[in-house]
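Q: Take this structure first; my questions come after.
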Amino acid sequence: MLRIAPALLLLGLALGISLADASAQERARQRSPAPATARLSFIGLADKAQVPAKLTVRFAISGMEVVPAGQVARNGGHHHLLIDTELPPLDQPIPSDFNHIHFGGGQTEAEIALAPGKHTLQLLFADHNHVPHDPPIVSERITVEVPATPAEKPRSAAAPGARVFFTDLQDGATIPSRAKIRFGTEGITVTPAGTVSQNGGHHHLLVDTELPALDREIPSDFNHLHFGRGQTEVELSLPPGEHTLQLLLGDHEHVPHDPPVVSPRIRVRVVGEAQASVAAPPPPNAYGAGRARTASPNDAAVYFVYPRDGDRIYPTSTIRFGLRNMGVAPAGVAKPNTGHHHLLVDTEPPAFGEPIPADLNHIHLGGGQTELKLTLPNGRHTLQLLLADENHVPHDPPVISERITVIVAPGGPNARRRR
């Protein structure tokens, strides 16, 4: 049997304790410092408040600067919203799931959906690596309640004679499979979603569908396209064949006005690019034709923050994107080493030398968004991210994520496959 002298044993224990202390101190040093005066709170949301099932939560920070995740800045960080959970370990990166929502793009507000009942909400600030600061910057933990029967919301009034229309598209028109659709309004102001404005609203494009219920929020899915930033045009891709298009204005909460401001429902015939070019040749460089691809750094990478490959997710989930060694810039903004995200749903990557299609399988995030609330039917789906330049053309080399598979289930992450 091996025997250790007591003196050596004590020395070993002392060294072990010393190394453990050093390791703990090293971990502590890895946390970014924060001023003791920094404060974090909710804006306009009090403890024990009654709230609707879908509400916009706004965050306030003082003594610190809000910067995107991955960007190192003294006294800087980004928000995280904790829903129905305790504080996570403060010396590790904050988890990313339905109870720990990251706002790595530097967002200071979010629209969240809560089930009827009581819920807890808390804000936690973190540095470029999603690790809370030292000392931690955390808000009060508040409780809110969603009534079992949601209160009815009055519809916003629209001025008499207000109308919405397609500016250069007539009923019965023939268009290419990738076409720019422009929207016009008269007698009403275009304002972003979330912005309360008298006689104001934003566009929704209905593709191959009837009008939704006019006394509730317009759905957000492949047939109901929202333009909540106040956009007045979209580059739309449709398969060849007959399709219907209709415009419907919605107020700050995506609810149609009273009376509804809706365009006539038109029919269009979509043909392949070759047929369309014979009928009406596109102008030079239309749809990005002939453009050189924009260079990207060799070490640039785009990836999913949530979900991960093989995850089970809810039918409506927030998909979050991460980007390394490049910056995010909106479509139309030419800036070196930047681009904007595109989410590929149940499809293979498109041709890299042409603009990415804009359709139900190729979702453009041209506003520079780093997340998207996505609704998918139950079952297995594939997701992939592809960055593109100001003209929606992938970079050279392309900045593309791995193609992941997710399983959509009504119970979300806790669902279990029936055997």
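Q: So how many residues does region 308-340 have that are out of contact with any Asp or Glu (no Cβ under 9 Å at 6 or more places or on another chain) and within 21 Å of residue 129 (Cα to Cα)?
A: So the count comes out to 6.
Q: Another question, if that's okay. Out of the strands (runs of 3 or more DSSP E) lying entirely within region 342-419, which hold 3 or more residues that are within 20 Å of residue 315 (Cα to Cα), in contact (Cβ under 8 Å) with a residue 12 or more places away in the chain and not hydrophobic (A, V, I, L, M, F, W, C)? So that I can check it myself, show each step before the final result.
A: Working: elements: 362-364, 371-375, 379-388, 404-408.
Of the strands (runs of 3 or more DSSP E) lying wholly inside region 342-419, those with at least 3 residues that are within 20 Å of residue 315 (Cα to Cα), in contact (Cβ under 8 Å) with a residue 12 or more places away in the chain and not hydrophobic (A, V, I, L, M, F, W, C) span 371-375, 379-388.
Q: Same structure, new question: Only one of (1) closer than 27 Å to residue 172 by Cβ; (2) surrounded by 15 or more Cβ atoms within 10 Å (Cβ to Cβ); (3) of a type outside the set (Val, Ile, Thr) is not met by residue 251, so which one is it?
A: (1)
Q: Counting only residues that are in contact with a strand residue (DSSP E or B) (Cβ under 7 Å, 6 or more places away or on another chain) and surrounded by 20 or more Cβ atoms within 10 Å (Cβ to Cβ), how many does region 341-358 have?
A: Number of matching residues: 7.
Q: Looking at 243, 254, 224, which is the one that is at pLDDT 85 or above and in contact with a Lys or Arg (Cβ under 8 Å, 6 or more places away or on another chain)?
A: Details: 254 fails: in contact with a Lys or Arg (Cβ under 8 Å, 6 or more places away or on another chain); 224 fails: in contact with a Lys or Arg (Cβ under 8 Å, 6 or more places away or on another chain).
None of the others qualify; the one that does is 243.
Q: Now for a separate question. If we keep just the residues of region 308-325 that are out of contact with any helix residue (DSSP H, G or I) (no Cβ under 9 Å at 6 or more places or on another chain) and not in a strand (DSSP E or B), which is surrounded by the most Cβ atoms within 10 Å (Cβ to Cβ)?
A: Quick first cut of region 308-325, residues out of contact with any helix residue (DSSP H, G or I) (no Cβ under 9 Å at 6 or more places or on another chain) only: 308-310, 316, 318-325.
Still in the list and also not in a strand (DSSP E or B): 308-310, 325.
Details: 308: 12, 309: 12, 310: 9, 325: 14.
Filtering region 308-325 for residues that are out of contact with any helix residue (DSSP H, G or I) (no Cβ under 9 Å at 6 or more places or on another chain) and not in a strand (DSSP E or B), the one surrounded by the most Cβ atoms within 10 Å (Cβ to Cβ) comes out as 325.
Q: Residues in region 68-91: is at least one farther than 12 Å from residue 137 by Cβ, open to solvent by less than 20 Å² (accessible area, probe 1.4 Å), not β-branched (Val, Ile, Thr) and not in a loop (DSSP other than H, G, I, E, B)?
A: Taking every residue of region 68-91 in turn, at least one turns out to be farther than 12 Å from residue 137 by Cβ, open to solvent by less than 20 Å² (accessible area, probe 1.4 Å), not β-branched (Val, Ile, Thr) and not in a loop (DSSP other than H, G, I, E, B).
Q: Any residue at all in region 394-403 that's under 21 Å from residue 179 (Cβ atoms) and not polar (S, T, N, Q)?
A: Step one: list which residues in region 394-403 are under 21 Å from residue 179 (Cβ atoms), which gives 394.
Of the ones still in play, those that are also not polar (S, T, N, Q) are 394.
The answer is yes, given that some residue of region 394-403 is under 21 Å from residue 179 (Cβ atoms) and not polar (S, T, N, Q).
Q: Sticking with this one: Answer yes or no: is there a residue in region 18-32 that is at pLDDT 90 or above and either open to solvent by 70 Å² or more (accessible area, probe 1.4 Å) or over 21 Å from the mean Cα position of the chain (by Cα) (or both). Break it down into steps so the answer makes sense when it comes.
A: Looking only at region 18-32, we keep the residues that are at pLDDT 90 or above, and these are 31-32.
Imposing the further condition that a residue be either open to solvent by 70 Å² or more (accessible area, probe 1.4 Å) or over 21 Å from the mean Cα position of the chain (by Cα) (or both) reduces the set to 31-32.
Scanning region 18-32 turns up at least one residue that is at pLDDT 90 or above and either open to solvent by 70 Å² or more (accessible area, probe 1.4 Å) or over 21 Å from the mean Cα position of the chain (by Cα) (or both).
The values are calculated or read from the model by the stated rules, or taken from the named source; none is laboratory data. This is a predicted model, so every value here is computed, not measured. Glycine gets a Cβ as well: all are built from the backbone with ideal geometry, and neighbour counts include every protein chain shown. SASA here: full protein model, heavy atoms, side chains in, ligands and nucleic acids out. Shrake-Rupley method; radii C 1.70, N 1.55, O 1.52, S 1.80 Å.
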